[in-house]
Amino acid sequence: MAGSIIVARGLSRRYGSIVALDGVDLNIAEGTVYALLGPNGAGKTTLINLLTTLMLPHAGSAQIAGYDVVRQAAQVRRLIGVTFQELILDRDLTGRQVLDIHARLYRLSPALRRQRITELIALVQLEEAIDRQVKGYSGGMQRRLELARGLMTEPQVLFLDEPTQGLDPQNRHAIWEYLQVLKRERGLTLLLTTHYMEEAEALADVVGIIDHGRMVVEGSPAALIGELGADVVRIVGSGDTAAFLEHMRAMPYIGSITHDLEPGAIMFGVEHGTRRLAEIIAQAHRNGFTISDIEVRRPTLGEVFLKHTGVTLRS
């Protein structure tokens, strides 16, 4: 499609009798940050592997910048950069050697190699450590080196599988800043998987939630959050839950209801949640449900995830 740099149609993959990916469609516009969310085993890494030519689909098709990931894999690889969930670095090399070897594999000229290494070292702020062995790097420094390596060939699309996994909040936010610069200044398209809700909210133009190998919902973070209602009212209690929920579903101010996530807990998407507290408490009392705890908060992407998958993200 015009303006789309990543397109997939009916993409499927099995591992024996297990369906890892089940007819996934994607349409990602150029210059977009797309965050793929899902529980462990939902199919996120399988989708990344298919799009980056590391694995063949059993059904469906995908194109990167118009090149088919199966029939034109070599052309696709020239256009993409990838950082993997697990760190893949030779710890006995220096950071500079890691970048130089990668550039040589892609046959960059000596002058261009030196130029790109200098630029990328500055981008990820590794000037002081670049000539030290990787074994002496912290986890955050290794992640930044992997990001620099993924950018060495100036890709049109960068795939990031859990790019900040295991990092402390300071290093995580530093990676976010680099990614925002890449999008803003270079127009790079980013497809990332993450277990961090705040990461997806901070970075993504579009979020896709995948579960059991299928794309269950897709949209901007603001739009997905907006579907829950203006506020989330969470109550914990006991009693006639079925009668209470049946009555609440008929209330015009209720946007969504999520329950059975934990014993006795119910979440309502509510317009003007604070104003409706007294009425919700009264309805619970009239329908035989005793409230032991109640809170009102703005909805988050985490609540969107709960609504569509019924589970919390887990690392």
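The values are calculated or read from the model by the stated rules, or taken from the named source; none is laboratory data. Fair warning: this is a prediction, and the values are worked out from it, not measured in the lab. We place every Cβ from the backbone using ideal geometry, glycine too, and count neighbours over all the protein chains shown.
Tabulated values for the structure
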{"read-out": "Verdict on residue 53 being outside any strand (DSSP E or B), surrounded by 15 or more Cβ atoms within 10 Å (Cβ to Cβ), among the hydroxyl-bearing types (Ser, Thr, Tyr) and at pLDDT 95 or above", "value": "yes"}
{"read-out": "Helices (runs of 4 or more DSSP H) contained entirely in segment 213-287, each with at least 1 residues that are modelled with pLDDT of 90 or more and small (Gly, Ala, Ser)", "value": "241-249, 273-286"}
{"read-out": "Selection count, segment 64-93, where residues are surrounded by fewer than 20 Cβ atoms within 10 Å (Cβ to Cβ) and over 20 Å from residue 164 (Cα atoms)", "value": "15"}
{"read-out": "Hey, residue 249 without any contact (Cβ under 8 Å) to a residue 40 or more places away in the chain, out of contact with any Leu (no Cβ under 7 Å at 6 or more places or on another chain) and among the basic types (Lys, Arg) or not", "value": "yes"}
{"read-out": "Complete set of residues in segment 270-289 that are surrounded by 12 or more Cβ atoms within 10 Å (Cβ to Cβ) and within 16 Å of residue 241 (Cα to Cα)", "value": "280, 281, 283, 284, 285, 287, 288, 289"}
{"read-out": "Helices (runs of 4 or more DSSP H) wholly inside segment 59-174 that include at least 1 residues being of a type in the set (Ser, Thr, Tyr), out of contact with any Lys or Arg (no Cβ under 6 Å at 6 or more places or on another chain) and under 25 Å from residue 200 (Cβ atoms)", "value": "none"}
{"read-out": "Unique residue being touching a Leu at 6+ places or on another chain (Cβ under 8 Å) and touching a residue at least 40 places away in the same chain (Cβ under 8 Å) when the list is 83, 94", "value": "83"}
{"read-out": "Residues of segment 175-203 satisfying the condition of being closer than 24 Å to residue 153 by Cβ and either polar (S, T, N, Q) or not in a helix (DSSP H, G or I) (or both)", "value": "180, 187, 188, 189, 190, 191, 192, 193, 194"}
